[in-house]
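Here's the structure, in structure tokens; my notes come after.
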Amino acid sequence: MDKQNNPLYQQTTESVVTDLTTDLSNGLDPDVVDQRLAEYGENALAGQKKTTLLQKFLNQFKDLMIGVLLGAALISAFVGEGVDAIIILAVVILNAVFGVFQESKAEEAIDSLQKMSAPNANVRRDGKIVTVPASQLVPGDIVLLEAGDVIPADMRLAVAANLQIEESALTGESVPVNKQAGQLTDNDLPLGDRTNLAYMNSNVTHGRGEGIVTGTGMDTEVGKIAGMLDNAQTTKTPLQESLAQLGKILTVLILIIAVIVFVVGLFRAPETAGGNHIVDMLLTAISLAVAAIPEGLPAIVTVTLALGTTRLAKRHALMRKLPAVETLGATQVIGSDKTGTLTQNKMTVEKYYADGALQDATTQIEGAAETLAQVMALNNDTQITADGEKLGDPTETALITFNETQGKDVTQLLAEYPRVDEIPFDSERKLMTTIHMMNGQKTATVKGAPDELIERASHQLRDGQVVALTADDKAAVLATNEQLAKQALRVLAFAVRDLAGVSSPFTSENTETDLTFVGLVGMIDPEREGVAQAVAEAHDAGIKTLMITGDHKITAEAIARRLGILDDTQGAEAIITGAELDELSESDYQAQVKNYSVYARVAPEHKVRIVQAWQKENKVVAMTGDGVNDAPALKTADIGIAMGITGTEVSKGASDMVLADDNFSTIVHAVDEGRKVFSNIQKAIQYLLSANLGEVLTLFMMTVLGWNLLAPVHILWINLVTDTLPAIALGVEPGEPGIMKQKPRGRSTNFMSGGLGTAIIYQGLLEGALTLFVYWIGLTYPIHSGYEAIHADALTMAFVTLGLIQLFHAFNTKSIYQSVFTIKPFSNRTFNISIAISALMLAGTILIPGLNTIFHVTSLDWHQWLTVLLASASIIPIVEIVKFFQRRALKNK
């Protein structure tokens, strides 16, 4: 609620009180609370409009390919081919059920936001302090805050006593923000710099405060994110786009070919047409449609994706949506949040400065550094539990951890030198002082901003002695501070003072003067192990990595350089802040988007804008993140990747993939798997469509030549035997060497790219031609006499050849260009077993007594079997010869 034109942070406390008609001392009257609850509603986030289970199920049938399959099932049932219709319907229904199961939790992000809400709040109402449910807060309420509280609503701070609030889930900053109640005058401050405001669902880590509620529910910053999340458009994956395009092409081709066959058949010579000519040709056209439609493709794609999902789960990448597996393989840009994703979200001491020397934190402390470590532990509010867990500000817990890594017993030190008094941290002094009993004498330990502390120091600790701190010494300390700051380290200075002669009460004026400088400490939220290598691998794979963070520019740049996101050739022009981004028009930013690798001090709407800008460049964009602020961008991106350990439920709900180990390098493994999945789906499509084209050509040419045709039962059995197990087995093929050295295929490619369409056409023609050749041999060189017997043998030979040639061809499809003999053709045990089972099922129709009657086939002698086997196997050397010349042509380009 803001009645003034100026932002809340630029307004005085008094003006906010006046605007909201409230009272800092007494709060709101109960009647006013009731009125405002009626006006503004409860302090809760609006739920997302739900899709019913039935709607989700029906949505699965909107795909064009599914529609074609349903049409084929209906026609098959109409003409009496009940088995065919049942099998097609089973595939379609199973695919729909699986889709509903996968998408049943896709709209839970808003529910997760609601669960994050603080359950209760301490407020001042009618002159009394009462505890009320956070949902009952209204604008104008006066909320009391203390360490450990969750901020229940957006508010303008009226009191801030050593108040620190951790806002990383909203702003991306890992360090708690020091809050104050004064008016701010700067314009266009990002969320993280509005130090007199507090935001819903952030956490109070230190101090106490009071705030005036200015926004509740959907009017809060978290509420705005919820609205963005609810309105974010879900983009189609490259897989869905490719399958939709393939479905359209196949539908048109099937209709055209079926009509041509029907018309050509009608004009055949009457003596070759048989009895009921029109009915026969209708059955022929239906048989051709069944042959042409790869009815197993949706199921095979689903199974291949599911197998990829299972493999990824073993590598700590959990897929929430099946198509996201394949989308990973097309990824061209990864936009990653810094805090908790690229870094550990845990402050760590990296450098220390003592005795005039700068050392790595791993260097064993001695001399003045011993005292420095003691002061770190004593001037510290961290609570250590019985099981060793450290509770408190991340900066202070890092100081305790440093002592532990140096072999110091902090608990014993605190017991030996108990704290007897303190001067709390103040944002104006930028210092904190604790007073301890040491050897019967009170001693002050001081920590704070280096520039503030060094001005109050007159001595320094050098080589175990207290000596004067000269102007040159001060300059050296400040130069070291600047050096560490340029490395994006957060620097604290430490000092001590003997308080002999100083009487209580201890104040800044009588205590924080004449200090003895002990040293400096540089801390940082360090990068995660393996991330730099993962960034390098992504670069080799042609993927651009972006860092998108709420941290300051200098911190973002330093981390980006350490990780390799920025290289030596990239300067400040590759880094942009949220404020600078706001100054760019859409057209200007779009023209420059490829120049930026690091985004600092950004807000949630910036992240969505970044993702959309890259998508306008026709790039497949992945976005990683863990905070509430990442959720809209995760949903907008082609694939959203949330952190499983540190990630909020909101980010997980909006994502396509969750990293169970929060490890950025897992993304690279997932990209590898995604590329493998796409390649294997391509192999399955090549196998299925070339086989179906062979069947179509066989039926078409038999119709044109006036030969008696393969019956629908023959086509159905061949499809059932050859289309299922081998195609699924191709889905578990190991990845081909060098797959992560190739450029991303991106959004513009489809399953027919890379020469696959040409391969399908010539291989399908080859399968059909070899089948017709065998049929011709059966007619020309019969072993029986009589037209019916000769035709039955020829038809049986053609039937077996059309099935076996597809099984032999499955070996060819293990790689589009590579030779089958160089990729270890029998290395996939699942594939070998599937081929063997399919071959036995096909041969069983001839060899098992009784089945040959059902399938209208005859027994073959060894001459006929030899002809069938030689013709079927010949597709391997023929395709190998074509591949050889293709490889030479590619090499010479």
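A few notes on this one:
- Qualifying residue in region 487-503 (condition: hydrophobic (A, V, I, L, M, F, W, C), part of a loop (DSSP other than H, G, I, E, B) and either outside the structural domain of Asp355 (by TED's automatic domain parsing) or touching a His at 6+ places or on another chain (Cβ under 9 Å) (or both)): yes
- Matching option when the condition is within 24 Å of Leu189 (Cβ to Cβ), touching a residue at least 12 places away in the same chain (Cβ under 8 Å) and either more than 18 Å from the chain's Cα centre (by Cα) or part of a helix (DSSP H, G or I) (or both), among Ala558, Ala538: Ala558
- Among the candidates Glu617, Glu583, residue that is more than 26 Å from Pro744 (Cα to Cα) and outside the structural domain of Ala488 (by TED's automatic domain parsing): Glu583
- Those strands (runs of 3 or more DSSP E) of region 387-464 in which 2 or more residues are polar (S, T, N, Q) occupy 431-438, 441-448, 457-462.
- Number of the condition not met by Thr470 [criteria: (1) surrounded by 14 or more Cβ atoms within 10 Å (Cβ to Cβ); (2) over 30 Å from Gly329 (Cβ atoms)]: (1)
- Failed item, numbered, when Ala330 is tested on (1) closer than 30 Å to Val97 by Cα; (2) free of Cβ contacts under 8 Å to residues at least 12 places away in the same chain; (3) among the hydrophobic types (A, V, I, L, M, F, W, C): (2)
- Residue ID - surrounded by the fewest Cβ atoms within 10 Å (Cβ to Cβ), chosen from residues in region 26-53 that are at pLDDT 90 or above, over 13 Å from Ser135 (Cα atoms) and of a type outside the set (Asp, Glu): Pro30
- A single entry from Arg497, Arg429, Arg456 fulfils the requirement of being charged (D, E, K, R) and touching a residue at least 60 places away in the same chain (Cβ under 8 Å): Arg429.
- For first residues located in region 718-730 and farther than 12 Å from Ala839 by Cα, partners that are among the hydroxyl-bearing types (Ser, Thr, Tyr) and surrounded by 24 or more Cβ atoms within 10 Å (Cβ to Cβ) and lie 6+ apart or on another chain with Cβ distances below 7 Å form the pairs Ala727/Tyr687; Leu730/Tyr687; Leu730/Thr813.
- Candidate set from region 504-519 (those that are in contact with a Ser or Thr (Cβ under 7 Å, 6 or more places away or on another chain) and in a loop (DSSP other than H, G, I, E, B)); member that is surrounded by the most Cβ atoms within 10 Å (Cβ to Cβ): Glu512
Residue-by-condition table, conditions (1) more than 30 Å from Thr470 (Cα to Cα); (2) surrounded by fewer than 22 Cβ atoms within 10 Å (Cβ to Cβ); (3) acidic (Asp, Glu):
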site	(1), (2), (3)
Leu358	no, yes, no
Thr362	no, yes, no
Ala373	no, no, no
Met376	no, no, no
Asn379	no, no, no
Gln383	yes, yes, no
Ala386	yes, yes, no
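- Condition met for Gln245 (of a type outside the set (Gly, Ala, Ser), modelled with pLDDT of 65 or more and in the same structural domain as Ile641 (by TED's automatic domain parsing)): no
- Note on region 128-183: residues that are modelled with pLDDT under 85, not polar (S, T, N, Q) and not in a strand (DSSP E or B) amount to 10.
- Test: residue in region 399-407 that is closer than 16 Å to Ala495 by Cα and touching a His at 6+ places or on another chain (Cβ under 9 Å): no
- Selected residue (criterion: surrounded by the most Cβ atoms within 10 Å (Cβ to Cβ)) from residues of region 701-720 that are part of a helix (DSSP H, G or I), modelled with pLDDT under 80 and of a type in the set (A, V, I, L, M, F, W, C): Ile715
- Selection from region 599-613 of residues that are touching a residue at least 60 places away in the same chain (Cβ under 8 Å) and either surrounded by fewer than 24 Cβ atoms within 10 Å (Cβ to Cβ) or assigned by TED's automatic domain parsing to the domain that holds Gly227 (or both): Ala603, Glu605, Val608
This table checks each residue for (1) of a type in the set (S, T, N, Q); (2) surrounded by fewer than 17 Cβ atoms within 10 Å (Cβ to Cβ); (3) not in a helix (DSSP H, G or I).
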{"site": "Ala769", "(1), (2), (3)": "no, yes, no"}
{"site": "Leu772", "(1), (2), (3)": "no, no, no"}
{"site": "Ile790", "(1), (2), (3)": "no, no, no"}
{"site": "Ala794", "(1), (2), (3)": "no, no, no"}
{"site": "Met797", "(1), (2), (3)": "no, no, no"}
{"site": "Leu802", "(1), (2), (3)": "no, no, no"}
{"site": "Gln806", "(1), (2), (3)": "yes, no, no"}
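- When Leu584, Leu546 are checked against the criterion of being surrounded by 14 or more Cβ atoms within 10 Å (Cβ to Cβ) and in contact with a strand residue (DSSP E or B) (Cβ under 8 Å, 6 or more places away or on another chain), Leu546 stands alone in meeting it.
- Qualifying residue in region 466-483 (condition: in contact (Cβ under 8 Å) with a residue 60 or more places away in the chain, of a type outside the set (A, V, I, L, M, F, W, C) and not in a helix (DSSP H, G or I)): no
- If you check Phe799, Phe773 for being touching a Leu at 6+ places or on another chain (Cβ under 7 Å) and either farther than 27 Å from Ile685 by Cβ or modelled with pLDDT of 90 or more (or both), only one passes: Phe799.
- Of all residues in region 520-535, those satisfying the criterion of being in a loop (DSSP other than H, G, I, E, B) and of a type in the set (Asp, Glu) are Asp525, Glu529.
- Every test in (1) modelled with pLDDT of 65 or more; (2) assigned to a helix (DSSP H, G or I); (3) more than 29 Å from the chain's Cα centre (by Cα) is passed by Leu69 save one, and that test is (1).
The values are calculated or read from the model by the stated rules, or taken from the named source; none is laboratory data. All values derive from a computational prediction rather than experimental measurement. Ideal geometry is used to build each Cβ from the backbone, glycine not excepted, and the neighbour counts take in all protein chains shown.
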